[in-house]
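Everything on this sheet refers to the single structure shown next.
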Amino acid sequence: MTAAERAQHLARDEAETEAIAAALATTLSPGTLVALEGDLGAGKTRFVRGLARGLGHDVAQVSSPTFVIEHRHTAPGAVPLVHIDAYRLRGPADLEALGWDELLAQGTAVVAVEWPSRIAAALPARRVTVRLCDRGEGMREISITREGA
């Protein structure tokens, strides 16, 4: 997928959602930000589980960081993954406590952000945006767009 391309997928169940994410993960390099958009229950955390699998992590360790805001996943031989849930953040200023600027500047991890609209002003222009839409009966429409140069 080039910088201007957009991919559309239809996942029939959670396993397919994870498989799409795992395939995407193999194309990501450290320093990539993945913005995950979708309603409550759309499959954002499930998608992060797939990213984790594709990056070489134990998916059993991936859970929603809604209350703790951030989970950092590291494993020997795996690209580090930082999973942030911005739902409870009031705005970009709340990111300072997470070391946001340093995290982006280091560029050593793939950073997955749920509810990115809450911190839109702090997101880099260059990112991968994933939109998940629940289509009922376990199906999800997944749109993946690489943004920025």
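Results, tabulated for the structure shown:
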| item | result |
| --- | --- |
| Which labelled figure in (i) 49, 18, 10; (ii) 33, 15, 13; (iii) 21, 17, 16 is semi-axes √(5λ) of the Cα gyration tensor in Å, once derived from the coordinates | (iii) |
| Theoretical gain in end-to-end length, S64 to R126 [0.36 nm per residue, Cα-Cα removed] | 19.9 nm |
| Percentage relative contact order, the stretch 12-141, counting C-alpha pairs under 8 Å, at least six apart | 36 percent |
| Spatial separation of Cα centroids for the stretch 1-73 and the stretch 86-149, in angstrom | 11 Å |
| Debye, to nearest 20: dipole size of the stretch 63-149, +1 on Lys, Arg Cβ, -1 on Asp, Glu Cβ | 200 debye |
| Sorted largest first, extent of the stretch 40-109 alpha carbons per principal axis (Å) | 32, 31, 15 |
| Dipole axis of the chain (+1 Lys, Arg; -1 Asp, Glu on Cβ), positive-most option in Y87, G54, I144 | I144 |
| Trypsin sites (Lys or Arg not before Pro) within the stretch 1-83: DSSP coil, no more than 14 neighbouring Cβ in 10 Å | R12 |
| Bridge type composition, the stretch 70-149 - antiparallel percent by DSSP, nearest 5 | 70 percent |
| Degrees separating the helix 14-25 axis from the principal Cα axis of the chain, which is the longest one | 50 degrees |
| Cleavage-rule hits (chymotrypsin sites (Phe, Trp or Tyr not before Pro)) in the stretch 1-98: DSSP loop, at most 10 neighbouring Cβ within 10 angstrom | F67 |
| Beta bridges by DSSP in the chain, antiparallel share as percent, to the nearest 5 | 60 percent |
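Coordinate-derived values only; no laboratory data. What you are looking at is a predicted structure, and each value in this text was computed from that prediction instead of being measured. Neighbour counts are summed over all protein chains in view; Cβ atoms, including those assigned to glycine, are modelled from backbone coordinates with ideal geometry.
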